[in-house]
Amino acid sequence: MKRILFSVIFLSSYCFSQEIDSLNVDQIKKTDSSAAGRKEMKTKLIDDVVITGTIKPISKSKSPVAVEIYSQKFFQKNPTPSIFEAIAMVNGVKPQLNCSVCNTGDIHINGLEGPYTMILIDGMPIVSSLSTVYGLSGIPNSLIDRIEVVKGPASSLYGSEAMGGVINIITKNALTAPKLSVDVMTSTWRENNVDVSTKFNLGKNVASLLSFNYFNFGRKIDRNKDNFTDSALQSRVSVFNKWNFQRKENRQASFALRYLYEDRFGGEMEWDRTYRGSSEVYGESIYTNRAEAFGVYQWPFKEQVVTQLSYNYHDQNSFYGANPFNATQKVAFVQTYWDKKLGEHDLILGLTFKKTFYDDNTPGTLSADGLANQPMKSPIWGAFIQDQWEIDSKNTLLLGYRYDYDKVHHSVHSPRFAWKFSPNPYHTLRFNFGTGFRVVNLFTEDHAALTGSREVVIRSDLKPERSVNGNLNYVWKIPVGDRLINLDASAFYTYFSNKIVGDFDTEPDKIIYDNLHGYGISRGVSLNLDYSFSFPLSINAGITYLDVYQKLDGESEKSQQLHAPKWSGTYNLTYKFPNSFTVDLTGQFYGPMRLPVLPNDYRPEYSPFYSLANIQVSKSFRSGFEIYGGIKNLFNFTPKDPLMRPFDPFDQHVNDPVNNPNHYTFDTTYGYAPMQGIRGFLGVKYTLK
């Protein structure tokens, strides 16, 4: 297997705030009671909002690309123990369970699979390859200050994993964090989550944030009576320490460390550790050890020169039935950029370096002759330049170019173009265009290749994936009295000239990987609506339509991508009663999505329409305490028959002509939603500011 190569040109601005309307209205009321005054103040406030991006602060009205920003309070409306579950509240973003047994998954943006989504922490590529599948559940929500979501491959600052989009997790600033924060939550399924963080100062200019997260779910539950755990057992510990420094002229300086350990199991109810790796009782057991370090430093020069650096170590020891998967990955990243303002032009020039070490026990790290182990070691050098030109008060143009080089694929050129037109503060149109380039590593990215339920076949030497992308975004702010209805609509189109997709259909007992002899398309539209009524009710809703498919040379039929629903959406309603009493109704809905079925399969090829709804009631007190509780999966939806032949997980009787005339095999890839039905939860928070 070849290295994953950085090659997507970068963007660096953020321009959408979920809670701006309520802030504007409160300030407008206090400032001017007249309609004209309210309108004037509202316009001024919208123009003055500044949101920090991965590179530099930028006025919302000047940003050439649409970025959605979600605060920690937004995700607290449906409390979850990790980012993986929480991100489902974002329209167009879908946490996808890739295995019905161990419940590992990845995050899809606009229908594209998880490896196309780049996860950044404080603007740095901490989460990639192995951790794309196995590390997402280990990021606790307690670390979050906010999350920024950029949809589309041309939006990445750090490279090729972002062909689908970017999720940037901004952690809390130690200088402004609460002195003490405690959050304890449990559920009727005995899922227990504890978050504790504390801040301490060393003088006036240095602060440190220490955070501890523990999650435990150790109860074997089998409600559908297939003798397999409905939800994977997990024991997880995460420790996070961040240092922030107050410097002259507000120069940046921070450093952070994080450690994660997780023990995850899913399988037959009789399984215990004595069966780990055996062929007697089926179980999927995954031990994960992960360490991260990342920081940013702005040099003490008159010119704005900033260096970002990160390092992560990921070790995995796992068994899928009797099949072992042991892997180690180490990634070092350094980036330095220079930001220079020249009249109406805002120039950024930068250099990047990334080195990855990867080794596992699969054919992916064998030498060319297949006789020796050959870990992958590939340094990648990059350089980029971007010019953001504010032509006038209505037009902003962004031109960019990125160059990357590694010893396998040599030179990769990535152009970038963005344009924003805003005739007034209530209407904004943005167009973005860019390219994508990515090298696939099957055994780190595709969980289905590891389960042992199907044989993996690689038909030919897999070539890099290549794509071009266009995105059109329109934001319309509609004045209604002294308030605004925020409408955010997007149309997106991605064309893959090559794409590596697992073929689950040709042979029922195999996954066949090959270069795409044809082309792939990902296209669709999305709409978000945000409004706060004059009474204490606010609504945030979104809907997305997707058409994601591949078309092979010589064939008239197009093949719809697996796990990409045509329709999906989110809804979030909040009503605030007097005395700090709040009710939140949140949820997602998904239309039919194509699933991996076998020939003559008794399971439907398409999932049904379903919704995962949650309700929460919370009460906050002046002392800093908050009590919350509610119900998850309000409609009690669970998939039917997620496992094929769970009574024969090692396929010992697969060729029985009497009891198995269709030669069905054990299959874990059909699941499309959690197996956890309706359940209650209760929690307590305490914050000392």
#### Entry: Pair list, Cβ < 7 Å and 6+ apart or interchain, from the stretch 75-101 residues that are within 14 Å of F681 (Cβ to Cβ) and β-branched (V, I, T) to residues that are surrounded by fewer than 23 Cβ atoms within 10 Å (Cβ to Cβ) and at pLDDT below 85
T80/N141
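Mind checking which residues of the stretch 304-333 are at negative phi and small (G, A, S)? First the steps, then the outcome.
As a first pass, look at the stretch 304-333 and keep what is at negative phi: 304-320, 322-333.
Matches in the stretch 304-333: S310, S318, A322, A327, A332.
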### Message
Given the criterion under 26 Å from the mean Cα position of the chain (by Cα), surrounded by fewer than 17 Cβ atoms within 10 Å (Cβ to Cβ) and of a type outside the set (D, E), identify the matching residue among S211, S197, S235.
### Response
S235
## Note on the structure
With the first residue restricted to the stretch 641-666 and required to be within 19 Å of S279 (Cα to Cα), and the second required to be of a type in the set (S, T, N, Q) and at pLDDT below 90, Cβ contacts under 6 Å at 6 or more apart or on different chains are L643/S100; D651/T665; V654/T665; F666/S453
### Query
Taking only pairs six or more apart or across chains, which ones have beta-carbon atoms under 6 Å, a first residue in the stretch 308-323 that is among the small types (G, A, S), and a second residue that is in a strand (DSSP E or B) and buried (at least 17 other Cβ atoms within 10 Å of the Cβ)?
S310/M124; S310/I126; S310/F294; S310/F333; S318/I286; S318/F325
### Task
For the stretch 497-530, name all the residues that are over 22 Å from P115 (Cα atoms) and either modelled with pLDDT of 70 or more or in contact with a Pro (Cβ under 6 Å, 6 or more places away or on another chain) (or both).
P508, L527, N528, L529, D530
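With T288, T352 as the choices, which residue is touching a His at 6+ places or on another chain (Cβ under 8 Å), in contact (Cβ under 8 Å) with a residue 40 or more places away in the chain and surrounded by 15 or more Cβ atoms within 10 Å (Cβ to Cβ)? Even if it seems obvious, please write down each step before you answer.
On the way: T352 fails: touching a His at 6+ places or on another chain (Cβ under 8 Å).
Exactly one residue qualifies, and that residue is T288.
Go through the residues of the stretch 371-386 one by one and say whether even a single one is in a loop (DSSP other than H, G, I, E, B) and in contact with a Gly (Cβ under 8 Å, 6 or more places away or on another chain).
Here is the first cut: in the stretch 371-386, the ones in a loop (DSSP other than H, G, I, E, B) are 371-372, 374-375.
Subset that is in contact with a Gly (Cβ under 8 Å, 6 or more places away or on another chain): none.
The answer is no; no qualifying residue exists.
Yes/no per residue for (1) closer than 27 Å to F255 by Cβ; (2) acidic (D, E); (3) modelled with pLDDT of 90 or more; (4) out of contact with any Leu (no Cβ under 9 Å at 6 or more places or on another chain):
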| position | (1), (2), (3), (4) |
| --- | --- |
| L130 | yes, no, no, yes |
| Y134 | yes, no, no, yes |
| V149 | yes, no, no, yes |
| Y158 | yes, no, no, no |
| G164 | no, no, no, no |
| K179 | yes, no, yes, no |
| D183 | yes, yes, yes, yes |
| T186 | no, no, yes, no |
| N213 | yes, no, yes, no |
### Query
Mind checking which pairs have a first residue in the stretch 564-583 that is assigned to a loop (DSSP other than H, G, I, E, B) and a second that is of a type in the set (K, R), Cβ under 9 Å, 6 or more apart or different chains?
A564/K94; A564/R594; P565/K94; P565/R594; N579/K619; S580/K619; S580/R622
### Summary
When restricted to D230, D195, the only residue in a strand (DSSP E or B), among the acidic types (D, E) and more than 30 Å from E465 (Cβ to Cβ) is D195
### Task
Please work out which one of (1) at pLDDT 95 or above; (2) under 19 Å from S82 (Cα atoms); (3) out of contact with any helix residue (DSSP H, G or I) (no Cβ under 8 Å at 6 or more places or on another chain) is the condition S142 fails and give its number.
(1)
### Query
Out of curiosity, is Y493 touching a Gly at 6+ places or on another chain (Cβ under 9 Å), at pLDDT below 75 and surrounded by fewer than 21 Cβ atoms within 10 Å (Cβ to Cβ)?
no
## Note on the structure
Given (1) in a strand (DSSP E or B); (2) of a type in the set (F, W, Y); (3) farther than 28 Å from Y214 by Cα, Y311 misses just (3)
### Query
Do the conditions hold for G624, that is, is it touching a strand residue (DSSP E or B) at 6+ places or on another chain (Cβ under 7 Å), surrounded by fewer than 16 Cβ atoms within 10 Å (Cβ to Cβ) and either free of Cβ contacts under 8 Å to residues at least 24 places away in the same chain or not β-branched (V, I, T) (or both)?
yes
### Task
Quick one: count up the residues across the stretch 171-187 that are over 16 Å from V296 (Cβ atoms) and assigned to a strand (DSSP E or B).
8
### Task
Considering only residues that are at pLDDT 85 or above and not aliphatic (A, V, I, L, M), look in the stretch 363-384 and name the one that is surrounded by the most Cβ atoms within 10 Å (Cβ to Cβ).
G382
### Query
Of the residues that sit in the stretch 561-589 and are surrounded by 19 or more Cβ atoms within 10 Å (Cβ to Cβ) and at pLDDT below 95, which one is farthest from G677 (Cα to Cα)?
Q561
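Does any residue of the stretch 624-631 turn out to be aliphatic (A, V, I, L, M) and at pLDDT 95 or above?
Looking only at the stretch 624-631, we keep the residues that are aliphatic (A, V, I, L, M), and these are 627, 631.
With the extra rule that they be at pLDDT 95 or above, the set shrinks to 627, 631.
Yes: the stretch 624-631 contains one or more residues that are aliphatic (A, V, I, L, M) and at pLDDT 95 or above.
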### Task
Report, ordered by the first and then the second residue, all pairs with beta carbons closer than 6 Å, sequence separation of six or more or different chains, a first member in the stretch 511-529 that is assigned to a strand (DSSP E or B), and a second member that is surrounded by 21 or more Cβ atoms within 10 Å (Cβ to Cβ) and among the hydroxyl-bearing types (S, T, Y).
S522/T494; S526/S490; S526/T544
### the stretch 58-82: number of residues that are at pLDDT below 85 and in a helix (DSSP H, G or I)
3
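Could you check, for the stretch 320-343, whether at least one of its residues is among the charged types (D, E, K, R) and within 19 Å of A383 (Cβ to Cβ)?
Of all residues in the stretch 320-343, those among the charged types (D, E, K, R) come to 330, 339-341.
If we keep only those that are within 19 Å of A383 (Cβ to Cβ) as well, we get 339-340.
Yes, the stretch 320-343 contains a residue that is among the charged types (D, E, K, R) and within 19 Å of A383 (Cβ to Cβ).
Looking only at strands (runs of 3 or more DSSP E) that fall completely inside the stretch 601-689, which ones have 1 or more residues that are touching a helix residue (DSSP H, G or I) at 6+ places or on another chain (Cβ under 9 Å)? Walk me through how you get there before you give the answer.
Values: elements: 610-620, 625-632, 679-688.
The strands (runs of 3 or more DSSP E) meeting that bar are 610-620.
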### Task
Can you give me the number of residues within the stretch 530-549 that are within 17 Å of N486 (Cβ to Cβ) and not in a strand (DSSP E or B)?
2
### Task
Only residues that are farther than 10 Å from L399 by Cβ, out of contact with any helix residue (DSSP H, G or I) (no Cβ under 7 Å at 6 or more places or on another chain) and not aromatic (F, W, Y): list them for the stretch 413-430, please.
H413, S414, K420, P423, N424, H427, T428, L429, R430
### Query
Among (1) farther than 22 Å from A253 by Cα; (2) under 21 Å from the mean Cα position of the chain (by Cα), where does S318 come up short?
(2)
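Going through D387, D360, D346 one at a time, which residue ends up being over 30 Å from K477 (Cβ atoms) and either surrounded by 14 or more Cβ atoms within 10 Å (Cβ to Cβ) or under 26 Å from the mean Cα position of the chain (by Cα) (or both)? Quick ask: steps written out before the conclusion?
On the way: D387 fails: over 30 Å from K477 (Cβ atoms); D346 fails: over 30 Å from K477 (Cβ atoms).
Step by step, each of D387, D360, D346 is checked, and only D360 is over 30 Å from K477 (Cβ atoms) and either surrounded by 14 or more Cβ atoms within 10 Å (Cβ to Cβ) or under 26 Å from the mean Cα position of the chain (by Cα) (or both).
The values are calculated or read from the model by the stated rules, or taken from the named source; none is laboratory data. No experiment lies behind these values; they were computed from the predicted model shown. For neighbour counting, all protein chains shown are included, and Cβ atoms are generated from backbone atoms with ideal geometry for every residue, glycine included.
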